[in-house]
1. Can you run down the residue pairs with Cβ atoms below 7 Å, 6 or more apart or on separate chains, where the first is in region 238-252 and under 16 Å from Val199 (Cβ atoms) and the partner is of a type in the set (Phe, Trp, Tyr) and crowded, with 16+ Cβ neighbours inside 10 Å?
2. What residue, among those in region 120-131 that are among the small types (Gly, Ala, Ser) and outside any strand (DSSP E or B), is farthest from Asp60 (Cα to Cα)?
3. For Pro192, only one of the following conditions fails: (1) surrounded by fewer than 19 Cβ atoms within 10 Å (Cβ to Cβ); (2) outside any helix (DSSP H, G or I); (3) not basic (Lys, Arg). What is its number?
4. Which one of Ala229, Ala182, Ala224 is surrounded by 15 or more Cβ atoms within 10 Å (Cβ to Cβ), free of Cβ contacts under 8 Å to residues at least 24 places away in the same chain and under 21 Å from the mean Cα position of the chain (by Cα)?
5. Would you confirm, using the coordinates I've provided, whether Ala133 is closer than 22 Å to Ile84 by Cβ and among the small types (Gly, Ala, Ser)?
6. Considering only region 259-285, state which residues are small (Gly, Ala, Ser) and assigned to a helix (DSSP H, G or I).
7. With respect to the numbered conditions (1) in contact with a helix residue (DSSP H, G or I) (Cβ under 6 Å, 6 or more places away or on another chain); (2) within 21 Å of Leu81 (Cβ to Cβ); (3) part of a helix (DSSP H, G or I), which one is the sole condition not fulfilled by Gly207?
Amino acid sequence: MRADAPALRQVAVARLTLQEELANVFRSAVSIIVLVWIYLAATLGVATTPAVAAAPPSIDAAAWNGWYVVRPSRFQQFAYLDAIGGVTRVAWDGRTLSLAPLPGTARTLEPVGGNRFRLVGRRAATHVLATSADGRAIITDGLRTYEQVSKPAVLLRWLSALLGVLGVLYLLTVGALRVGCAALRGRLRDEPLRWPVAVLWLMPVAGVLYLRTPALGIGDPTAANLAAAVLTGLLPLAVLAALVPTLQQALRTASRRTALDLFALTGLLQWCVTLAWAGLIPIALWR
């Protein structure tokens, strides 16, 4: 075996050298092809696409002012998330149309006649303003379609999510502290917040399991997906289990602590109902 070691090393070095030479040949061939293409394009005088002249729209673009979301959503399971964070504000100032997504930078469109618009700097029309079959204003670029939505509906979704997040933060901080103190005093059964707090503090278990899950297994019923489905499915039940005794206690003796508990629990419960209606509770990525 020792006598064969130098020969094996020579073979390995020869293979690496051959691979490097083949890679160099491939890169050189690609460079030659690109240079030839550039030379032919310049020599043959390939005509560029003429720019479409700017022209005032034949429609009242101000009628398309408002808030828009992508419809249909690219991933139907996460349509609720698009409706929450994918809002784009559209405004016509008399000369240009502004598309300002909440999480990104605004884009400016200029009219090129009719109901067609183009991004500033483009040569041809890129967007079309139209109306859907049910009379809603829509804006499309051929790949995505933005549909106008009601501002009050968007604000209600934001309020619902805000109340839910505040409820989660309350349970993770104040609720966890009270549950810990109750456990130290041996009165854990008397603390109604123990159930939702336990479920929320177990959520990171699914996150740890996801770190050990292969990327190709995200859509399979793995241990991480099963844990996430079980925990998110138990959350509204745990909140309801805490809400009933808290409400009974509030009817007997009203206090500031009970009022805060009711505010957090009802806020989180309504958000859970909203997420369940949107198909996000329980989280089942294999569906």
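The values are calculated or read from the model by the stated rules, or taken from the named source; none is laboratory data. Predicted, not measured: the structure shown is a model, and the values here were computed from it. Here the Cβ positions follow ideal geometry from the backbone for every residue, glycine too, while neighbour counts run over all protein chains shown.
1. Correct list of pairs: Ala238/Trp195; Ala241/Trp195; Ala242/Trp195.
2. That would be Gly121.
3. All conditions pass for Pro192, except number (1).
4. Ala224
5. No, not satisfied.
6. Within region 259-285, Ala259, Ala264, Gly267, Ala276 qualify.
7. Of (1) in contact with a helix residue (DSSP H, G or I) (Cβ under 6 Å, 6 or more places away or on another chain); (2) within 21 Å of Leu81 (Cβ to Cβ); (3) part of a helix (DSSP H, G or I), only one is false for Gly207: (1).
Here is a yes/no grid of residues against (1) assigned to a strand (DSSP E or B); (2) under 25 Å from the mean Cα position of the chain (by Cα); (3) assigned by TED's automatic domain parsing to the domain that holds Val70:
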{"residue": "Thr108", "(1), (2), (3)": "yes, yes, yes"}
{"residue": "Pro111", "(1), (2), (3)": "yes, no, yes"}
{"residue": "Arg118", "(1), (2), (3)": "yes, no, yes"}
{"residue": "Asp134", "(1), (2), (3)": "no, no, yes"}
{"residue": "Ile139", "(1), (2), (3)": "yes, yes, yes"}
{"residue": "Ala161", "(1), (2), (3)": "no, yes, no"}
{"residue": "Tyr170", "(1), (2), (3)": "no, yes, no"}
{"residue": "Val174", "(1), (2), (3)": "no, no, no"}
